[in-house]
Structure formats: structure tokens, C-alpha cells
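To start, the structure itself, in C-alpha cells.
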Amino acid sequence: MAQSEAVDRLKAEFQSYLAAQTERMLVGVGRKLGETTVKLTDIAEGNSPGFAKLALDGGRKIAEGKSPMRAAVELGAGRLKDKAVGAFKSLGGGGGRKRGAGNKPTVILEFVDIGVDLRTAYDQWTQYQEFSTFAKGVKSASRADDTTSDWQLKVFWSNRSWKAHTTEQLPDDRIQWTSEGAKGTTKGIVSFHPLADRLTRVLLIIEYYPKGLFEKTGNIWRAQGRRARLDLKNFARFVTLRGEATDAWRGEIRDGEVARTHEDALEQEQEQDQEEGREHELQEKSDDDTYEEEYEGADEEEGEPEDEEPEYEDEADEPDRRPAHAGAARR
């Protein structure tokens with residue numbers, strides 16, 4: 001059976017298969033060796049900057065008296081750090097283009113309807129020192145001058161300082177400001193809109209540019225927007241329960257400068273009130289005079305006329321006014 005033709009043919013086919021596989025393997029090994037040779041040639045010619053830098057750094061560490069093992073460990077740790085930093089930057093997008101995206105602000109838009117008149121809502125908002133009584137996170141606030149105010153905020157266990165500058169303020173209308181701090185900047189505007197005699201809508205719009213770990217982390221979860229919403233509700237509760245403003249600042253600011261002081265505004269409002277009072281008195285007096293004239297004219301028209309005897313041209317036409325018994329006696 002071992003000498004049969006079929007067995008001989010099988011052996012021949014198997015040998016051909018082994019030869020083909022051996023040739024394929026040798027070709028692959030040759031290609032790898034060729035690529036390795038090219039890389040070694042590039043390194044020898046200085047065409048591999050990464051490897052050359054690694055070798056240079058390793059040579060420096062060995063020259064400093066460090067062992068080859070320690071030099072290798074430090075180089076490996078350095079490369080690992082570089083990769084970690086690169087990965088962290090890639091979370092933000094990496095590159096200059098993505099870093100510029102960090103300048104985009106977070107836009108906060110909130111409003112609340114308050115059960116007080118327009119002036120009460122506006123006057124209470126101008127009392128910055130009262131914000132610490134209802135706004136969570138505001139430790140203190142004070143007015144440095146007519147256009148500048150200082151704020152102390154608390155974020156987690158850290159304190160934040162802000163300096164706000166009012167750029168526009170129109171009484172009973174709107175207040176616009178900018179603020180600067182170590183951990184962020186803001187641009188904002190609050191406007192007041194009368195809905196009824198004792199119902200006012202307060203609209204708040206803020207552009208927020210966060211800086212710092214806590215601020216940027218909170219910005220991811222929109223914590224600032226939720227805080228603004230809650231503070232507006234606390235403001236509505238505070239002023240509604242009081243029913244009146246604690247005080248007011250009625251000055252006017254345009255382009256960051258005081259266009260009318262608080263005292264001038266109060267004096268002008270007082271003059272307007274007096275003028276309106278005089279006009280009201282004159283109008284009331286005019287209405288009373290008109291009413292009296294109309295009343296007297298009505299009395300004259302409705303009065304009873306006096307009895308008058310008619311005139312007769314001829315005595316024969318005049319009726320006989322003598323008593324009846326007088327005529328009978330004469331007859």
C-alpha cells in the first residue's frame with residue numbers, strides 16, 4: 001500500500017504545500033527585515049527626531065550620574081505624563097480652535113412675576129445690600145459709589161469677590177451692568193415690566209464667562225442658571241411679603257456715567273407731583289364750577305311762572321267777574 005500510486009501523489013502534493021508556505025513566510029520575514037533596516041538607517045542618519053530626542057534625553061540623564069535603569073524609568077514616566085496631558089486637552093477639543101470655544105458665554109434667561117407695583121419692585125432691586133438676606137451664596141454686597149458695587153459670594157467652601165459696574169440705569173425701566181472677578185466675568189441686564197396695578201414682571205438676562213475648576217464644572221451642569229432662577233423666586237418672596245421697598249436709588253446712569261443723581265431725581269419727582277397736584281385741583285375746581293352753572297340753569301328752566309292776567313282789547317270781551325247773587329238782586 002505504501003508503494004501505491006495514490007500515496008506517492010499525496011506525498012508530492014504535501015511537499016508542494018510545505019514549499020509554498022515556507023516561501024510565503026520567508027517573503028514576510030524579508031519585508032519586516034527591510035522595514036527594520038530602513039528605520040535603523042533613518043535613526044543612524046538622524047531622520048527619526050522622536051527616537052533621537054529620547055536617546056539624547058537618556059544620554060543626559062546617564063551623564064548626570066543616574067543609572068541606565070533609572071534613566072529609562074524617568075523617561076517612561078515623562079512620556080506617560082505627556083500622553084496624559086494630551087488626552088486631557090483632547091477632552092476640551094485640543095488645539096487653538098477649541099480653546100477659543102471656551103470664550104463662548106453661558107446665557108441665562110429667567111423671569112418672575114411679583115405681586116407689587118412697578119416702582120416697588122424696581123426700588124427694592126436697587127438695594128444691593130439687601131441681597132444677602134434672600135439670595136443664597138451672596139455673603140455681602142455694598143455700593144462703592146453710584147456706578148460701582150462690591151460683592152462677596154460663597155461657592156462651596158471657597159469665597160469669590162466680584163466688582164460690578166453699572167453701565168445703564170433708567171428708573172422703573174432697566175439696569176445693565178458688567179462684573180469682573182478672578183473666577184469669571186458677567187454681562188447682565190434686568191428689566192421691569194408692569195402687567196397690572198400690583199403685578200410686575202422682572203426679566204433677567206446674563207452672559208456668564210466662567211473661569212476656574214469649580215465654575216467650569218458648575219457650568220457643565222448649568223448650576224448658575226438654577227441659582228439665578230432660585231434667587232429670583234427669593235426676591236419675589238422677599239418684596240411681596242414686605243409689600244414695600246426698604247429704600248430706593250432713583251438716579252439715572254447712561255454710558256457708565258451718572259446722568260442724574262439720586263437727589264436730583266427725587267427733587268424733580270417732587271416738583272412733578274406738586275405740579276400734578278395743582279393741575280388736579282384746578283381740574284376739580286373747573287368741574288365744580290361747571291356743575292354749579294348747569295345746576296342753576298336747570299333751576300331757572302324748571303321754576304313755576306308767576307300768574308298774570310290776560311289783556312283784552314274790548315271790555316265786552318272781558319268776562320263778568322261779579323258774584324252770581326249780585327246779578328240776581330239787580331234783576
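The values are calculated or read from the model by the stated rules, or taken from the named source; none is laboratory data. Quick caveat: nothing in here was measured; it's all calculated off a predicted structure. Neighbour counts run over all protein chains shown; Cβ positions are idealised from the backbone, glycine included. With ligands, DNA and RNA removed, areas are computed over all heavy atoms of the protein, side chains included. Shrake-Rupley method; radii C 1.70, N 1.55, O 1.52, S 1.80 Å.
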### Among (1) open to solvent by 50 Å² or more (accessible area, probe 1.4 Å); (2) modelled with pLDDT of 95 or more - the single one TRP125 does not satisfy
(1)
### Residue, surrounded by the most Cβ atoms within 10 Å (Cβ to Cβ), within region 179-207, restricted to residues that are hydroxyl-bearing (Ser, Thr, Tyr) and at pLDDT 95 or above
THR200
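For every residue, the table says whether it meets (1) modelled with pLDDT under 95; (2) farther than 25 Å from GLN169 by Cα; (3) surrounded by fewer than 10 Cβ atoms within 10 Å (Cβ to Cβ).
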residue	(1), (2), (3)
VAL239	no, no, no
ILE253	no, no, no
HIS280	yes, yes, no
SER286	yes, yes, no
THR290	yes, yes, no
GLU302	yes, yes, yes
GLU311	yes, yes, yes
### Pick from region 130-152, criterion open to solvent by less than 50 Å² (accessible area, probe 1.4 Å) and in a loop (DSSP other than H, G, I, E, B), ranking: farthest from ASP247 (Cα to Cα)
GLY137
### Message
I'd like the residue in region 182-215 that is in contact with a Lys or Arg (Cβ under 6 Å, 6 or more places away or on another chain) and of a type in the set (Gly, Ala, Ser) and, out of all such residues, is farthest from THR120 (Cα to Cα).
### Response
GLY212
### Query
Taking region 142-167 on its own, how many of its residues are out of contact with any Gly (no Cβ under 8 Å at 6 or more places or on another chain) and closer than 22 Å to GLU263 by Cα?
6
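Here is a check on your reading of the model: is HIS165 touching a helix residue (DSSP H, G or I) at 6+ places or on another chain (Cβ under 9 Å) and open to solvent by 50 Å² or more (accessible area, probe 1.4 Å)?
Details: touching a helix residue (DSSP H, G or I) at 6+ places or on another chain (Cβ under 9 Å): no; open to solvent by 50 Å² or more (accessible area, probe 1.4 Å): yes.
It is false that HIS165 is touching a helix residue (DSSP H, G or I) at 6+ places or on another chain (Cβ under 9 Å) and open to solvent by 50 Å² or more (accessible area, probe 1.4 Å).
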### Query
Just for region 244-263: of the residues that are touching a residue at least 12 places away in the same chain (Cβ under 8 Å) and in contact with a Gly (Cβ under 9 Å, 6 or more places away or on another chain), which one is farthest from ASP197 (Cα to Cα)?
VAL258
